Amino acid sequence: ALKGKSAVITGSTSGIGLAYARAFAREGADVLLNGFGEADAIERERSGIERDFGVKAVYSPADMTRPAEIEAMIRQAEAELGGVDILVNNAGIQHVSPIEEFPIEKWDQIIAINLSSAFHTIRAAVPGMKRRGWGRIIQTASAHSLVASPFKSAYVSAKHAIAGLTKTVALELATHKITVNCISPGYVWTPLVEKQIPDTMKARAMTKEQVINDVILSAQPTKQFVTAEQVAALAVFLCSEEAAQITGANLSIDGGWTAA
Ligand code: NAD
């Protein structure tokens with residue numbers, strides 16, 4: 001259903017971003033992968049997508065803390081894939097620490113990657129979307145765009161802010177057949193969640209099992225992790241014509257977390 005479309009997904013060498021890329025490719029879209037990682041592993045993912053789905057897949061190493069590299073990534077997609085029809089702002093990192101010990105450089109890095117990179121990709125991609133008269137912009141926000149948890153000040157701030165950016169840009173683009181939405185997952189088992197377990201153990205004086213059961217899964221009434229594939233399926237729906245009137249929304253996929 002997405003044949004002839006091209007998608008740029010930031011932070012797509014791992015986790016949820018990689019699931020988006022594979023789901024769009026399965027629907028026939030060409031994709032631009034972005035993110036860090038080992039060169040061989042990234043090349044295996046890239047060529048695997050081309051082989052599995054018969055689409056074009058390219059890679060950009062752009063660092064989402066660097067505006068000039070972000071702009072170059074969008075230009076690369078326009079040159080190599082013919083445009084950016086679907087833009088997914090997904091790159092993100094986490095840091096868990098009490099506010100008075102929160103490292104200043106971590107605050108700046110999280111605001112840059114989890115929030116400002118979306119401003120830079122959107123401003124670069126929108127002129128092409130307007131010219132072609134179609135576009136889909138999706139942010140991976142988080143349940144933390146709606147509610148807070150202690151020790152995640154930068155992340156919760158960035159995620160609340162990206163929900164505001166989403167609403168603003170949705171209004172600006174409403175008559176251009178370009179929709180702009182957030183997807184807000186609860187906990188998805190990815191390296192991002194796995195890596196925060198040691199610091200959460202420290203911040204809350206808990207064992208690993210206690211963190212998984214009493215912090216992570218206790219937030220989700222279903223007591224289950226969301227899967228990256230479930231998140232990606234929602235993004236595919238947002239790219240359909242049936243979803244053309246969904247814009248400026250923040251769609252939760254969180255096992256009931258934010259209903260509580
Ligand atoms: P992940 O760690 O598996 O993937 C993060 C991706 O971002 C990787 O590809 C990484 O290389 C990339 N990245 C990190 N820093 C970058 C930079 N400076 N420039 C370019 N790429 C960079 O994590 P994930 O869980 O798949 O997270 C993806 C998004 O989903 C994030 O925005 C995260 O906040 C959000 N999210 C995750 C969960 C969860 O429970 N895992 C829940 C809600 C929201």
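Values in this text are rule-based calculations from the coordinates and carry no lab data. All figures in this text were calculated on a predicted structure; none of them were measured in a lab. Please note: Cβ atoms are built from the backbone with ideal geometry, for glycine as well, and neighbour counts cover all protein chains shown.
Structure notes:
- Computed magnitude of the charge dipole of region 14-141 (debye, nearest 20; Cβ of K, R +1, Cβ of D, E -1): 640
- Structure-based [θ]222 nm, the chain - -39500 (n - 2.57) summed over DSSP H runs of at least 4, per residue, nearest 500: -14000 deg cm²/dmol
- The distance linking region 111-174 with region 219-239 is 18 Å (Cα centroid to Cα centroid, whole angstrom).
- Pairs of Cα atoms nearer than 8 Å and 6+ residues apart set the relative contact order; for region 120-238 it is 26 percent.
- Gaussian network model of the chain, springs between alpha carbon atoms under 10 Å - residue of 112, 203, 124 with greatest fluctuation: 203
- Summed over all non-identical Cα pairs, the Kirkwood treatment of region 210-255 gives a radius of 12.4 Å.
- Prolate/oblate/rounded call for region 1-86, Cα gyration tensor, a/c under 1.5 rounded: oblate
- With 18 Å as the limit, the listed pairs 159/208; 5/167; 106/167; 195/223; 106/195 have 159/208; 5/167; 106/167; 195/223 beyond it between alpha carbons.
- Relative contact order for region 28-84: 36 percent, from Cα pairs under 8 Å spaced at least 6 residues apart, divided by residue count.
- Close amide-amide hydrogen proximity is noted between residue 251 and 182, 183, 184, each under 5 Å apart and 5 or more residues distant or on a separate chain (H modeled in the peptide plane; Pro and chain starts excluded).
- Sorted from longest to shortest, the spans of the Cα atoms of region 100-190 along the three principal axes equal 47, 25, 24 Å.
- Span-like helix ranges in the chain, DSSP H, alpha carbon extent 15 angstrom or more, Kyte mean at least 1.0: 228-238
- Per-residue Karplus couplings for region 135-141, computed as 6.51 cos²θ - 1.76 cosθ + 1.60 with θ equal to phi - 60°, are listed in order as x, 9, 10, 10, 10, 7, 7 Hz, Gly and Pro entered as x.
- The stretch between residue 175 and residue 149, if pulled fully straight at 0.36 nm per residue, gains 5.7 nm over its current Cα-Cα span.
- Each Cα pair under 8 Å and six or more residues apart adds its sequence gap; the mean of these over the residue count of the chain is a relative contact order of 19 percent.
- Sorted ascending by nearby beta carbons within 10 Å, beginning with the fewest, 12, 6 become 6, 12.
- Column: log10 I(q)/I(0), Debye, Cα scatterers of the chain, q = 0.07 Å⁻¹: -0.22
- For residue 83, nonlocal amide neighbours, meaning residues 5 or more places apart or on other chains whose placed amide H falls under 5 Å from its own, are 78.
- Fewest-first ranking of 13, 207, using other Cβ atoms within 10 Å as the exposure measure: 207, 13
- Sorted by Cβ density within 10 Å, fewest first, the residues 238, 165: 165, 238
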